[in-house]
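First comes the structure, then the notes that go with it.
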Amino acid sequence: MIQLYTGNGKGKTTAAWGQALRGIGRGLRVAVVRFLKPDPSGETIAARALEPQILVFGKSSPFDPALNQRENLVLKSESRQNFKEAVALIQSGEFDMVVLDEICIVLHYGFVSTRELLDVLEARPPHVEIILTGRYAPAEIIEAADLVTEMVEVKHPGGTRLGIEL
């Protein structure tokens, strides 16, 4: 299956990590490629305790729309490298599940084209489940996905809780 978690509400990454944990519980090998996310995060810290069942990839910096052109080129380069790594992980067939966390934001800013991602999804080994997350999912990706969940913002306090970045 191809799963997509999109929308403006919180919970997209959490849903993807929940699926990853369920997969690990069933003996699956899981890879997570993170785009435009700070490191370390609570998820990556927890994932280290679950290696080698889950492996986390993706050097990245958080995206900020106020960044200048040079800083955006760095983010584009990081995103392109992470995408290249994701393609290799998917095509290898070594993992049963591959999560591309925040890939839709990467598509939205044109760091990777929708066509490139669709080509990867169409050519994936049949046993590899792909989970995509991020706001602004393109219509073509929504169409290609088997399961689409839109997170809706109802109340959104943001920030941190207990002094911990969530």
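The values are calculated or read from the model by the stated rules, or taken from the named source; none is laboratory data. Nothing here was measured: the structure is a model prediction, and the numbers come from that model. No Cβ is skipped: glycine too gets one built from the backbone with ideal geometry, and neighbour counts run over all protein chains shown.
Please go through the range 86-120 and give me each residue that is farther than 14 Å from Val30 by Cα and acidic (Asp, Glu), ordered by number. Across the range 86-120, the qualifying residues are Glu102, Glu116, Asp119.
Does the range 106-119 contain at least one residue that is touching a Leu at 6+ places or on another chain (Cβ under 6 Å), hydrophobic (A, V, I, L, M, F, W, C) and surrounded by 14 or more Cβ atoms within 10 Å (Cβ to Cβ)? No, because not a single residue in the range 106-119 is touching a Leu at 6+ places or on another chain (Cβ under 6 Å), hydrophobic (A, V, I, L, M, F, W, C) and surrounded by 14 or more Cβ atoms within 10 Å (Cβ to Cβ).
Among the conditions (1) surrounded by 15 or more Cβ atoms within 10 Å (Cβ to Cβ); (2) more than 29 Å from Pro126 (Cβ to Cβ); (3) among the polar types (S, T, N, Q), the only one that Asn82 does not satisfy is (2). Cβ-Cβ distances below 7 Å connect the following pairs, each with a first residue in the range 22-48 that is closer than 13 Å to Lys59 by Cβ, a second residue that is among the charged types (D, E, K, R) and assigned to a loop (DSSP other than H, G, I, E, B), and a separation of six or more residues or different chains: Arg34/Glu102; Phe35/Glu102; Leu36/Glu102; Lys37/Glu102. Of the candidates Ala144, Ala137, Ala123, the single residue that is closer than 23 Å to Ala31 by Cα, in contact with a Ser or Thr (Cβ under 6 Å, 6 or more places away or on another chain) and modelled with pLDDT of 95 or more is Ala137. Yes or no: Ala123 among the small types (Gly, Ala, Ser) and buried (at least 17 other Cβ atoms within 10 Å of the Cβ)? In short, no. The set of residues in the range 5-57 that are assigned to a helix (DSSP H, G or I), surrounded by 15 or more Cβ atoms within 10 Å (Cβ to Cβ) and either modelled with pLDDT under 90 or of a type in the set (Gly, Ala, Ser) (or both) comprises Ala15, Ala16, Ala20, Gly23, Glu43, Thr44, Ala47.
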